[in-house]
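Report on the structure given below.
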Amino acid sequence: MVHYRFLKELYFKSLTPFEILAVSKKNKYDFNKNESFDYLDYWKKTISTEDSDLAFQKYCTVNNLDHLDISIMLSNINENDQKINFPAWILSLEEILSLIDAKCIQSIAELKNATDAFYHLFIPFIDYFLKKLNQNLTKSNVVLMHDLIDQVKIALHKDLLNVAYLILFDEFDQFKKENLSKDSGDDYNYKKFVSENLSNKYQYLFFKYPVLAKKLVTRTDKYIHFITNIFTRFEADKRDLEVLFNKKLDSIFKIYFNSGDLHNGESTVIIEFKNANKIVYKPSNIGITKAYNQFLNWINISLKQDLKTFKILDKETYGWIEFVENSQCKTIDDVKLYYERAGILLGIAYFLNSRDFHFENIIASGNSPVLIDHETILNPLIALQSDETYDDTISGTVLESSLLPIKKLELPYYMYGFGSSTSLEGKIQMLKIKDYNKDKMVVISEIEDKKLYKSNKPLFNNSIENLADYEEEFKTGFEKLYHLILENKKYLQSENSPIINFYNFKIRFINRQTKVYSKILKFLNKPEYLSDAIKYGIKLEILAKAYLVSNNWSSLLDFEREQMLQDDIPVFYIDVLDNKINVPHKKSVNLIKRNAIENIYDKLRNASIEDFKNQMILIDDSIKL
């Protein structure tokens, strides 16, 4: 290994407390107490702002940590001659460093200024990605057009920059102060900054910010796997997809990233073909959508409706799903029908105990609202909730699905599924980069007017039609659905019920809202954490706060920590019939009071005119927000 000493030191510097402890149990290392910062006090204050000593003692007990463990976790590993079994990211970094040569560095001066900040600094990562991707696709006889290659390169660079931009701007500003130049070129210092970082093979940058190195390499490796899967799976499934959709799928024209949350390094993407057809790729099991389709079919027949169902190709570990176009209503009667169907969907979500249907998971398609992303269409009843933002008073009500705005929660009204009837536009603070890759490149803050809705609101004659103006239609739809359930309570609990179709599928268990995880990961991209792995790991233990408040400690915290140390948003999947949560390599967690199927039957048994009236009161309170 050419860069062995550098990589060894970097590896040790990148270890967070729980990683240090794990390494110490596998290897005989000497440790030096880290005296540069009062980590123990910082740790106590991270998990609890009150009674921190008592809370920390309890935290240590449930995490099986003794005084020696804590001492090791807050120490530095001494150098020795012991052979190191490097993790995968270190081996990948060695490959990335090997791509940096004189030709690579010289090419910086010849490249035109990219419209992406610090693009040239990431060229070795992008070259490594292309090399690995090409190797993977060659094995599967998949050939990508140049336009597609450019798209995935841009997406990778954007992802890496999101992690590193705070550090890079800080370092670039400091570099300019220390290297004053009279050169007339407007990008002289920028090119010099990039060249020097590449010439020393990131050693200065990564020694100063070891967690940054780990994040950048880990994200690149996961991105290779993600993009490889998209193209190899499409090539393997193309004929089946053409039969399913009864369409000829031309070559791929464009990929829309960021169409879903990032889990295990992958997310939902929308693929557009040259003939304008689109399909959705989901890197998780979509079997539950099939059961949802069957339930909608029963509703459609019973109520003589035409709620949208989906064509899907279920491949067990991933799947393809029909793309739903966002389109306008043609007449005012279409708008009225839209909101009647919206009321029906609210009723469906209520009886299925759906959650997480915010404004990105609703599509206004002509005269029909459509629920997309069905991972949370069913939910169990949780004994104790770990999410501090969760309000137990909404559990089991029409508000639980997030389709209607809720006064009590922090989420802005416009972000709920059917959106806000009053908040349609707002002033949003946006960070923008000016003068890309010039010496005067800077991040500025601008206030912009922004539409506070996406594709979740119906349009008629290019104008938004709001729920508050169609209250009667909306309530009529909910009433129709509720009375259908009342009339079929016995049937829906029988062995012929469409509920049976949901058996044996997996759903996503929401332990915390995705925005909580995202906020923490973004916060941890600050230089003070990326420069100090111990401090980074301690701050990540803010996850423990919710368990402390609820007095509900479990191995879910271990799994959350492991996933977030991989820079991923944790995700849990459970079978709809499971009464426990199975965490990989951990003991099962008993947090479920009623599994998802039992929860539906309980809702059916309790359906009544009185309950209907109670839910209508909640609708009344929410509908005009």
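Structure summary
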item	result
Residue match in region 541-554 (condition: at pLDDT below 95 and in contact with a strand residue (DSSP E or B) (Cβ under 7 Å, 6 or more places away or on another chain))	yes
Residue match in region 179-189 (condition: within 20 Å of residue 106 (Cβ to Cβ), touching a helix residue (DSSP H, G or I) at 6+ places or on another chain (Cβ under 7 Å) and surrounded by 18 or more Cβ atoms within 10 Å (Cβ to Cβ))	yes
Among the residues listed as 453, 416, the single one being crowded, with 18+ Cβ neighbours inside 10 Å, of a type outside the set (A, V, I, L, M, F, W, C) and modelled with pLDDT of 90 or more	416
Search result, residues across region 281-311 that are part of a strand (DSSP E or B) and either of a type in the set (D, E, K, R) or touching a residue at least 60 places away in the same chain (Cβ under 8 Å) (or both)	282
Elements of type helices (runs of 4 or more DSSP H) in region 1-85, at least 3 residues being without any contact (Cβ under 8 Å) to a residue 60 or more places away in the chain	17-26, 39-47, 52-62, 67-73
Qualifying residue in region 237-249 (condition: among the aromatic types (Phe, Trp, Tyr), in contact with a strand residue (DSSP E or B) (Cβ under 8 Å, 6 or more places away or on another chain) and either more than 30 Å from residue 2 (Cα to Cα) or assigned to a helix (DSSP H, G or I) (or both))	yes
Residue identified as assigned to a helix (DSSP H, G or I), free of Cβ contacts under 8 Å to residues at least 40 places away in the same chain and farther than 19 Å from residue 99 by Cα among 171, 196	171
Single residue of 492, 481, 467 found to be over 30 Å from residue 570 (Cβ atoms), in contact with a Gly (Cβ under 6 Å, 6 or more places away or on another chain) and buried (at least 18 other Cβ atoms within 10 Å of the Cβ)	481
Flag for residue 528 being out of contact with any Cys (no Cβ under 7 Å at 6 or more places or on another chain), more than 21 Å from residue 220 (Cβ to Cβ), without any contact (Cβ under 8 Å) to a residue 60 or more places away in the chain and surrounded by fewer than 17 Cβ atoms within 10 Å (Cβ to Cβ)	yes
The listed residue being surrounded by fewer than 19 Cβ atoms within 10 Å (Cβ to Cβ) and either within 21 Å of the chain's Cα centre (by Cα) or within 29 Å of residue 231 (Cβ to Cβ) (or both), out of 378, 303, 313, 371	313
Subset tally (residues that are over 18 Å from residue 566 (Cα atoms) and over 23 Å from the mean Cα position of the chain (by Cα)) for region 499-534	7
Long-range neighbours under 8 Å by Cβ, at least six apart or interchain, first residue under 15 Å from residue 94 (Cα atoms) within region 113-137, second not in a helix (DSSP H, G or I)	124/99; 124/100; 127/99; 128/99; 131/99
Meets criteria (crowded, with 18+ Cβ neighbours inside 10 Å, of a type in the set (Lys, Arg) and in a helix (DSSP H, G or I)) for residue 233	yes
Given (1) modelled with pLDDT under 90; (2) of a type in the set (S, T, N, Q); (3) out of contact with any strand residue (DSSP E or B) (no Cβ under 8 Å at 6 or more places or on another chain), index of the condition residue 76 fails	(3)
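The values are calculated or read from the model by the stated rules, or taken from the named source; none is laboratory data. Please read all numbers here as calculations on a predicted model, not as lab measurements. Positions of Cβ are backbone-derived with ideal geometry, glycine not excepted, and every protein chain shown enters the neighbour counts.
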